[in-house]
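This report concerns only the one structure given below.
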Amino acid sequence: MKNNYQLENPIKLNPKTATLEKVAFHAERWQRLSKSSIDHRLRCARRMAKHPIYPINFNKPIYEQFIAYMDYRERTEKSSGYALMNDLRTMQMFLRAFDIDLSSWFYKLPVLPRHKKRKVPFPETVHDLCNYKYSKDSYENALYQYLMFHNFFIGWRVPSEPCAMSIKDIDIDNKGRGSIIITETKKRYSKRIIIPERYVLSAPTSKSFKNWIDKWRPRVENQYSGDALYLQPNGRPFTVRYLGKKLSENGKKVWPHYQPYVSRHWCAVSLLIKTKLETKTWDTRRVQKYLGHERPSTTDTYIEFAEE
């Protein structure tokens with residue numbers, strides 16, 4: 001029985017025979033990485049393995065090759081410190097799976113800027129994003145208008161958290177009150193509950209969740225839909241990557257600087273301004289809880305944008 005357990009849950013993988021799937025299992029089981037982190041690092045690993053000058057062979061990891069790769073990425077390709085950090089974390093995930101001492105693979109990252117400069121849209125731009133005609137097809141047009149509206153006013157992590165939503169996560173009573181359960185994929189699928197404003201949750205004249213569930217979602221629901229909240233025009237749920245791609249494409253039609261995650265930044269700033277108007281102070285605790293920030297310092301970084 002002990003031998004069977006060790007075969008099914010290996011603590012150390014053989015680099016020569018390890019597959020991406022086995023490394024992913026090890027990262028989840030023993031390194032306790034979240035699924036979203038693992039998926040991201042596997043994408044990095046595939047890219048690193050196809051590098052035209054210094055490809056990384058993860059089945060035969062060589063320290064000197066990795067250092068040459070990182071140096072080329074920094075000096076020739078001018079990759080940012082954050083991009084290099086992603087590559088380093090990817091390599092470390094594999095090294096841990098192979099039980100290779102990380103200290104023998106020393107690499108010093110360049111100095112990272114304290115904060116990336118964020119572009120946050122003005123309210124009128126958000127209005128345009130929520131009302132732009134994205135498609136001649138009425139359902140597809142409504143889909144992206146509602147997604148934009150929900151993303152900006154809920155402030156969840158796009159695209160992973162809307163993809164994880166099901167219709168069961170929306171609770172609305174007969175008076176239009178209720179709550180939303182958000183699955184935080186970044187935090188190993190933990191749950192947080194928020195109580196949105198009624199115009200977001202259930203108002204009959206806005207792009208509310210109730211209108212989406214009652215009026216639009218049933219138009220394409222089929223045997224492939226499950227209970228996913230957002231459905232493609234073919235009735236199937238979105239994958240995280242595909243939703244991110246479609247939102248980026250559509251958002252840039254309205255605002256060239258659009259990225260899916262900008263809705264979360266905007267929501268943080270708008271909530272801070274709202275609390276300032278209501279209480280004469282920046283209620284960072286309230287905003288932190290609503291957005292699910294782990295550290296108060298994360299919420300504090302948005303104050304400078306709110307002050308502008």
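Of ILE182, ILE167, ILE213, ILE193, all but one fail to be surrounded by 14 or more Cβ atoms within 10 Å (Cβ to Cβ) and either of a type outside the set (Val, Ile, Thr) or under 25 Å from ARG286 (Cβ atoms) (or both); the exception is ILE182.
On the stretch given as region 254-288, residues that are charged (D, E, K, R) and either surrounded by 14 or more Cβ atoms within 10 Å (Cβ to Cβ) or in contact with a Lys or Arg (Cβ under 6 Å, 6 or more places away or on another chain) (or both) total 5. One residue alone among GLU278, GLU249, GLU294 is closer than 20 Å to SER160 by Cα, modelled with pLDDT under 95 and over 14 Å from the mean Cα position of the chain (by Cα), and that residue is GLU294.
Of the residues making up region 227-246, those that are within 15 Å of the chain's Cα centre (by Cα) and of a type outside the set (A, V, I, L, M, F, W, C) are THR239, ARG241, TYR242, GLY244, LYS245, LYS246. Flag: VAL220 does not match the condition of being over 30 Å from ARG32 (Cα atoms) and buried (at least 19 other Cβ atoms within 10 Å of the Cβ). Can you confirm whether ALA18 is among the aliphatic types (A, V, I, L, M), surrounded by fewer than 16 Cβ atoms within 10 Å (Cβ to Cβ) and either modelled with pLDDT of 95 or more or farther than 13 Å from MET91 by Cβ (or both)? So ALA18 fails the test.
Of all the listed residues (LEU112, LEU143, LEU129, LEU95), the sole one being assigned to a loop (DSSP other than H, G, I, E, B) and either crowded, with 18+ Cβ neighbours inside 10 Å or not assigned by TED's automatic domain parsing to the domain that holds MET48 (or both) is LEU112. The residues in region 47-80 that are buried (at least 16 other Cβ atoms within 10 Å of the Cβ), in a helix (DSSP H, G or I) and not hydroxyl-bearing (Ser, Thr, Tyr) can be counted, and the count is 5.
Considering (1) touching an Asp or Glu at 6+ places or on another chain (Cβ under 9 Å); (2) under 13 Å from ARG96 (Cβ atoms); (3) modelled with pLDDT of 95 or more, the lone condition that LYS12 does not fulfil carries the number (3).
The values are calculated or read from the model by the stated rules, or taken from the named source; none is laboratory data. No experiment lies behind these values; they were computed from the predicted model shown. Positions of Cβ are backbone-derived with ideal geometry, glycine not excepted, and every protein chain shown enters the neighbour counts.
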